[in-house]
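Heads up, the thing below is written out as structure tokens.
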Amino acid sequence: MELRHLRYFRAVAESKGFREAARRLHVVQPALSQTVSDLERELGVRLLTRNSRSVRLTSEGEVFLKEANEILTHADRSVELARGAARGEIGSLSVGFLGSATSFFLPRIIREYRRRFPGIRLTLREMAPAPQIDEFRAGRLDVGFTRPLPAADGAWLRSECVYRDSLIAVLPKGHRASARAMVPVKQLVDEPFVLFHRAGAPELFDAIVGLCSRAGFTPRVVNEADMMQTVLTLVEAGEGVALVPACVSNLRGSGVVLRPVQPDTVRIPLVMVWPAGHESPALESFLRLVREHAETIRGMLPGLRRG
């Protein structure tokens, strides 16, 4: 049974005649009459009684009209939902993010996205870079803000750089180097280090170790924390010093001092990542929004170096 048959039958029932129904539907009257007759034959019941001036619903027709209306209403709703999904107006989107690297811009992006697309169900999940890759692989994440991708994942994940961040030194308050406006990395040679764990962000960990290596030493890592806030807490507790992206300054506590480092040669990218070939309308609208705000984002973080 075609939806067209139901629409034709409903038009005849509502118009109480074939002529007016044909006018409303923009079809010729013989075709309309034949379609309704075909429907009656398919159902095996008479839906209408006809005379020379009008038609009337039979008792069976009244029952069928009620059901036909419900079917057509549901079908119209399904079409509108499908079109809304195609326009990126409804659906769902799961967003992964690094809290320390996105806190200064992501809330604004999320508020604007919800305003523009109230029909999209957003799920926000804070997670480190490595777990984001796992969630992409499992199909549970649509887009993420993370560190640069390992080479092995570049073939199936797409990425765009949102901004590039400098490294800064985190020192416990009262540390001998805290009086300096800029801390030479080589002066940290004898310090114990607290770093964000390598398993969670290997690119960041290796960049920090590489900077120290070029300064002539290998950092003595005494603790690898799985959250940036924990890194700052451990430094404040006197466990060591740290090198972190400048965006972490948003998490600064009263017991630590943040200083630029010398040489200031390392740039830590924050990238927006999504699975290649899985660009849904909801995702595309989110990507467009972030791109619209790209320049604003780059200018929002205090001390941010572009490059």
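Brief remarks on what is shown
- Each residue in the range 38-78 was checked for being of a type outside the set (D, E, K, R), closer than 15 Å to Gly17 by Cα and modelled with pLDDT under 85, and 3 pass.
- Cβ pairs under 8 Å, 6+ apart, first in the range 89-118 and under 19 Å from Ala282 (Cβ atoms), second surrounded by fewer than 19 Cβ atoms within 10 Å (Cβ to Cβ) and among the basic types (Lys, Arg): Gly91/Arg121; Ser92/Arg121; Leu93/Arg121; Ser94/Arg125; Ser94/Arg140; Val95/Arg125; Gly96/Arg125; Phe97/Arg125
- Members of the range 104-141 found to be in a helix (DSSP H, G or I) and either within 25 Å of Asp206 (Cβ to Cβ) or over 15 Å from the mean Cα position of the chain (by Cα) (or both), listed by number: Pro129, Ala130, Pro131, Gln132, Ile133, Asp134, Glu135, Phe136, Arg137
- Ala246 falls short on exactly one of the conditions (1) small (Gly, Ala, Ser); (2) more than 24 Å from Gly200 (Cβ to Cβ); (3) more than 22 Å from the chain's Cα centre (by Cα), and that condition is (2).
- Against the conditions (1) assigned to a helix (DSSP H, G or I); (2) assigned by TED's automatic domain parsing to the domain that holds Phe97, Arg158 satisfies every one except (1).
- Residues that are assigned by TED's automatic domain parsing to the domain that holds Thr218, out of contact with any helix residue (DSSP H, G or I) (no Cβ under 6 Å at 6 or more places or on another chain), in a helix (DSSP H, G or I) and over 16 Å from Phe205 (Cβ atoms) do occur in the range 250-273, at least one of them.
- In the condition set (1) over 26 Å from Arg267 (Cβ atoms); (2) part of a strand (DSSP E or B); (3) not hydrophobic (A, V, I, L, M, F, W, C), Gly144 is compliant with all but (1).
- Identity of the residue in the range 190-229, within 31 Å of the chain's Cα centre (by Cα) and part of a strand (DSSP E or B), that ends up surrounded by the most Cβ atoms within 10 Å (Cβ to Cβ): Phe196
The values are calculated or read from the model by the stated rules, or taken from the named source; none is laboratory data. Here the structure is a predicted model, which is why all the values come from computation and not from measurement. Cβ sites come from the backbone with ideal geometry, for glycine too, and all protein chains shown count toward neighbours.
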